[in-house]
Structure formats: structure tokens, C-alpha cells
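Here the structure comes first, spelled out in C-alpha cells, and everything after it is commentary.
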Amino acid sequence: MTNNTISAEVAKEQLDSLVEYYDIDIESDDVDQARARQSACDKVIRAIRAGRLEINKETMVVVQTLKNDNKLTYRELDGKAKVEMGKRSNDDTHGKIYSLLGSLSGVGFNGITALKGKDLTLAESLGILFLLA
Amino acid sequence: MSDLSGTIRNVTLDGVSFDVMADSNISEVGSSHENEMVPTSGRNVRKMTKRVEVREGLVLAANGAERELLKALAERTDDFPMSYQTAGGDTYRADGSIEFATRETEENRAAITLLPRATWSAFVA
């Protein structure tokens with residue numbers, strides 16, 4: 001059982017600040033899309049509550065704490081990171097996410113692809129939200 | 001950590017990834033201090049002098065646009081995140097700056113040195 005260190009309200013506030021700042025549209029007419037987006041939000045909230053993710057509401061810097069206690073710090077989303085996505089082909093969604101996160105964290109595409117388990121799942125959830133921004 | 005050696009897999013400077021020349025060989029300063037022993041009539045005195053953990057010898061493939069990017073990075077006055085991944089998959093990261101020495105147009109080879117503000121840390125996923 002996970003020991004939640006952050007309340008559900010505070011976790012939702014952090015996520016909402018990210019969604020609002022980037023004007024992310026969580027809703028979708030496509031049922032599968034809507035489900036995927038909501039799933040990403042749920043995973044992010046769970047991670048915040050468990051202390052594995054923190055979103056700074058002022059700076060939009062997101063810090064992910066990995067299983068081995070290493071940290072990945074994702075800076076505020078910018079054009080540079082979106083250009084990195086452009087280096088992947090249009091149908092390579094995972095590649096785009098990894099490039100984006102690699103740029104934002106500074107560890108590069110290969111650094112993100114080395115993530116495993118919950119660390120990777122959480123990073124991908126975050127990436128889905130950033131893709132919608 | 002793997003014992004595989006060879007071509008650097010990737011370099012990311014301020015969030016931008018660059019291709020690395022296959023024959024690029026990074027020369028890594030081994031540690032944060034240079035160690036010496038100063039002889040005395042009795043026991044030698046150990047001397048540790050702080051040094052910068054530079055990474056020299058990195059050669060990137062840089063077209064015109066990338067050349068301008070590298071130039072801009074080299075002329076920045078604030079630190080930015082840098083990382084590189086070795087052939088064995090080990091990723092090292094630090095904040096700092098770069099020295100952009102030359103670009104040779106015959107093969108678009110850009111020679112840079114990574115200058116960390118503090119120390120390099122191994123990123124283990």
C-alpha cells in the first residue's frame with residue numbers, strides 16, 4: 001500500500017495549475033482519447049500524492065523522483081523542446097514524448113528511454129499532458 | 001554500468017540534442033581535484049588542488065543552423081543543463097557552459113569542450 005504524503009486536494013491543485021497554465025484540453029470527443037487523457041491525469045495525481053512528482057505552481061518546473069531517489073527536473077515547456085519532438089516521425093508518439101521529456105529534463109532522449117516501470121509510466125503520463133499543450 | 005566503449009550515443013545541450021561524430025573521443029578529467037604528494041624530509045604532504053571536470057574532445061555534427069546554436073550557447077552568460085551518454089549507456093549530466101573552439105566545414109565537425117559549473121553526476125534510471 002502506498003503511503004500518500006500529499007492530500008488529494010493539493011495534488012489536484014498542482015495538476016490543475018499545469019493544465020490551466022498550458023491551456024491543456026483534457027476533454028475529447030473521441031472516447032479512447034478522453035480515457036487516455038484522464039488516465040494520464042489520474043496517474044499524475046497519484047504520483048503527486050505519493051511524493052514521486054511535484055509541480056511548482058509558480059515556475060511550472062516539474063520534479064520527478066525516481067525509484068532510486070534520483071531526480072528528473074523538467075523545466076517549463078518551451079519551443080526548443082517542441083522542436084526536439086519534430087526530430088521524430090509523425091507516427092512515433094512515444095519517440096516524440098521521450099524527445100520532449102529528454103529536452104525538458106536535459107538528460108536527452110536516451111536518458112528517458114532508460115526509465116523503467118512506474119518511472120517510465122509516470123514520465124509518459126506527463127508527456128501526454130505536455131503533448132496536449 | 002556497461003563495459004561497452006565506442007561512439008558517444010548522444011549529447012544534449014540546453015535541451016537540444018546534437019549528433020556526435022562517430023569517431024569523437026571525449027577526454028574526461030578524472031576527478032574534482034588534482035592529487036600530488038609534496039616531498040618533505042619525513043612523510044610526504046598530500047596536496048589536493050581543485051580543478052574543473054572538463055570534457056574535451058567532443059566533436060559534434062553541426063550544420064549551419066546548429067553552428068549558430070552552438071555559438072549562441074557558447075556566448076550565453078548563464079549556465080544551462082548538459083548531458084552526454086556513452087556507448088555503454090551511461091548518462092552524465094551537469095549544469096555549465098561550453099567552449100566552442102572550431103567548426104571544420106569539410107565534414108561539418110564542431111569541436112566543443114563541456115565546462116561544468118560544479119561536478120558531473122551519473123544519471124541512473
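The values are calculated or read from the model by the stated rules, or taken from the named source; none is laboratory data. Computed from a predicted model, the values in this text were never measured in an experiment. In this analysis, Cβ positions are derived from the backbone assuming ideal geometry, glycine residues included, and neighbour counts consider all displayed protein chains. The accessibility values were calculated without ligands, DNA or RNA, using every heavy atom of the protein model including side chains. Shrake-Rupley method; radii C 1.70, N 1.55, O 1.52, S 1.80 Å.
Points to keep in mind about this one:
- Matching residues in segment B:12-37 - criterion: being within 14 Å of chain A (Cβ to nearest Cβ) and not charged (D, E, K, R): B:Thr12, B:Leu13, B:Gly15, B:Val16, B:Ser17, B:Phe18, B:Val20
- Of all residues in segment B:78-109, those being of a type in the set (S, T, N, Q) and farther than 18 Å from B:Gly64 by Cβ number 5.
- All positions within segment B:15-30 that are in contact with a Ser or Thr (Cβ under 9 Å, 6 or more places away or on another chain) and under 18 Å from B:Phe123 (Cα atoms): B:Gly15, B:Val16, B:Ser17, B:Ile26
- For B:Glu56, the conditions (1) among the charged types (D, E, K, R); (2) in contact (Cβ under 8 Å) with a residue 24 or more places away in the chain; (3) more than 15 Å from B:Ser24 (Cα to Cα) all hold with the exception of (3).
- Which listed residue is in contact with a strand residue (DSSP E or B) (Cβ under 6 Å, 6 or more places away or on another chain), loosely packed, with under 11 Cβ neighbours inside 10 Å and not basic (Lys, Arg), from B:Val38, B:Val54: B:Val38
- Being within 14 Å of chain A (Cβ to nearest Cβ) and either buried (at least 19 other Cβ atoms within 10 Å of the Cβ) or within 17 Å of A:Gly108 (Cα to Cα) (or both) holds for only one residue in B:Ala72, B:Ala65, B:Ala87, B:Ala110, and it is B:Ala87.
- Of residues in segment B:95-107 being open to solvent by less than 50 Å² (accessible area, probe 1.4 Å) and without any contact (Cβ under 8 Å) to a residue 40 or more places away in the chain, the one farthest from the other protein chains (Cβ to nearest Cβ): B:Phe100
- Helices (runs of 4 or more DSSP H) fully within segment A:14-113 counting 1 or more residues that are touching a residue at least 60 places away in the same chain (Cβ under 8 Å) and hydrophobic (A, V, I, L, M, F, W, C): A:31-49
- In the condition set (1) modelled with pLDDT under 95; (2) outside any loop (DSSP other than H, G, I, E, B), B:Ala87 is compliant with all but (2).
- Segment A:92-118: number of residues that are more than 7 Å from chain B (Cβ to nearest Cβ) and either surrounded by 24 or more Cβ atoms within 10 Å (Cβ to Cβ) or within 11 Å of A:Gln64 (Cβ to Cβ) (or both): 7
- Matching residues, segment A:50-67, being of a type outside the set (Gly, Ala, Ser) and open to solvent by less than 70 Å² (accessible area, probe 1.4 Å): A:Arg52, A:Leu53, A:Ile55, A:Asn56, A:Thr59, A:Met60, A:Val61, A:Val62, A:Val63, A:Gln64, A:Thr65, A:Leu66
- Among the residues examined, B:Asp23 does not qualify as surrounded by 15 or more Cβ atoms within 10 Å (Cβ to Cβ) and closer than 21 Å to B:Thr102 by Cα.
- Annotation: of all residues in segment A:12-23 being touching a helix residue (DSSP H, G or I) at 6+ places or on another chain (Cβ under 9 Å) and closer than 13 Å to A:Val62 by Cβ, the one that is surrounded by the fewest Cβ atoms within 10 Å (Cβ to Cβ) is A:Tyr22.
- Candidates B:Arg67, B:Arg55 - the one that is under 17 Å from the mean Cα position of the chain (by Cα) and basic (Lys, Arg): B:Arg55
- Restricting attention to segment A:37-49 and to residues that are open to solvent by 50 Å² or more (accessible area, probe 1.4 Å) and not acidic (Asp, Glu), the residue that is farthest from A:His94 (Cα to Cα) turns out to be A:Arg49.
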